[in-house]
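First comes the structure, then the notes that go with it.
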Amino acid sequence: MGSKRKKQEKKKDFLKPKLKVGKTAAKPSNYTDTSFTAKSISLPNQSLVKSTNGSTQVKEEVDLTHHLSLTKHHAATTRKEVLNYIENHLPSNPSLYKQILSLTVSLITDQSNNVRLAFVSLLAACAQKQPGLLELHMRSIILFVHSAMSHIQSDIRGTSTAVLNVLIDHASIPLVKGHFVKTLKSYFTLMSWNISNDKKAISYAVNTSATLGGASKKARVGHLNVLQKFLRAALFENSQEDVSSINWDACNTIHPHTARHMLPNNPQAFTAFKFFIDELPSRRNDDDEIAGEDGAYSLHEIDNISTEDQTTRRKILKDIFLGPLKKNLLNIVKEGGEAGKEANSCLAVLENFEKEIKKSEQT
């Protein structure tokens, strides 16, 4: 009897109770009611901006996350419109510009000409609204610029110096200090010029010119104009003050020479005096015709030389690039036209440079 009763009690757990019409099953003791819905409150992105008269205004900040994702859209028209929209709705928060540049910098080598020009306009607007922005992202931007200057498509090469022009206008000091040699080498590739006079370099330049097609006549005018500005910024003292520099005339200092004993703004500030550096020995190479005299730089070692100071940049240009630049620019001057005028302005910069070098050697 006992075993039969236990079996019936166990069966109760697996039997479905028969309920009367209109009645529901009893709820267990640990039942939790989940039928309620939480009320959500959505607030738009706003920032309080105080005006000059003391009143408070609400300025709406546009969320650019969705628009930045559209910069990878397959349609060129969409990419261009997105860049124009971002330019017209640049945020006031400086931390967002890193995301904007990192997602749009690859458009320097975009297949569409309108997209590339829209990016140039966006880059100039970002640099104008956030001073010092291009200096922070110079390394990533200049990599794409050099890639565009040696690109296999001629239209991409044609707009490559437009980005370089923005860098010269807004961040010329970090550009020439950190990327002087590679930019000049990329210019020789862009214009299909040969740096050295040996047979290997000439044959390489001819093959490169045949492959890349050289710069078109219309594009060469812009290239030479930017080259003239680049040489002027690299070889002569910049009239513009550094963005991060301190105006010591407006400061109350203990001694009038206090500024000379402060920490320098640029890294490796004592390279010109050969302090705290490991200098590479200059070697004479029979195949390298540029390294003619003792102490002159050779083409094979300038990639490892720091160009932080103006003296080093001038010496590199004098030893390596001055002769080939003058030779190729004179050929363009003979052709005449707008390109000839721009080439003549580049030659004027080089002539002023040679005059200053002669004065410094005489003194």
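What follows draws every value from the coordinates through simple rules; no lab data is involved. Just so you know, these numbers come straight off a predicted model, no measurement behind them. Quick reminder, even Gly has a Cβ in these numbers, built from the backbone with ideal geometry, and neighbours come from all protein chains shown.
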*Using θ = phi - 60° and the Karplus curve 6.51 cos²θ - 1.76 cosθ + 1.60, what whole-Hz ³J(HN,Hα) does each residue of region 5-21 get, with Gly and Pro shown as x?*
5, 5, 5, 5, 5, 5, 5, 4, 5, 10, 9, 8, x, 8, 9, 7, 5
_Need the list of lysines near residue 39 for cross-linking: C-alpha distance under 29 angstrom, and skip anything on the same chain fewer than eight residues off._
27, 59
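Quick one: 262, 138, fewest Cβ neighbours within 10 Å first, how do they rank? Before the final figure, lay out the partial values.
On the way: 262 10, 138 18.
Fewest to most other Cβ atoms nearby, the residues stand as 262, 138.
All other residues with a Cβ under 10 Å from the Cβ of residue 219 taken together, and with Lys, Arg as +1 and Asp, Glu as -1, what is their net charge? Don't skip to the end; give the middle numbers.
Details: positive: 157, 217, 218, 220; negative: 155.
Counting the neighbours of residue 219, the net charge comes to +3.
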*Add +1 for every Lys or Arg and -1 for every Asp or Glu among the other residues with Cβ under 14 Å from the Cβ of residue 162, and state the total.*
+2
*Determine the relative contact order of region 292-363: mean sequence separation of Cα pairs under 8 Å and six or more apart, normalised by residue count, in whole percent.*
21 percent
_How high is the relative contact order of region 99-188? Use alpha-carbon pairs under 8 Å, at least six apart in sequence, and give a whole percent._
32 percent
*How do 358, 129, 20 rank when sorted from fewest to most other Cβ atoms within 10 Å of their own Cβ?*
20, 358, 129
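Can you give me the orientation-averaged projected area of the convex hull built on the Cα atoms of region 55-168, in nm²?
Numbers: hull surface 29.8 nm².
Hull-based average projected area comes out at 7.5 nm².
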*Summing Lys, Arg as +1 and Asp, Glu as -1, what charge do residues with Cβ under 13 Å from the Cβ of residue 325 carry, residue 325 excluded?*
+1
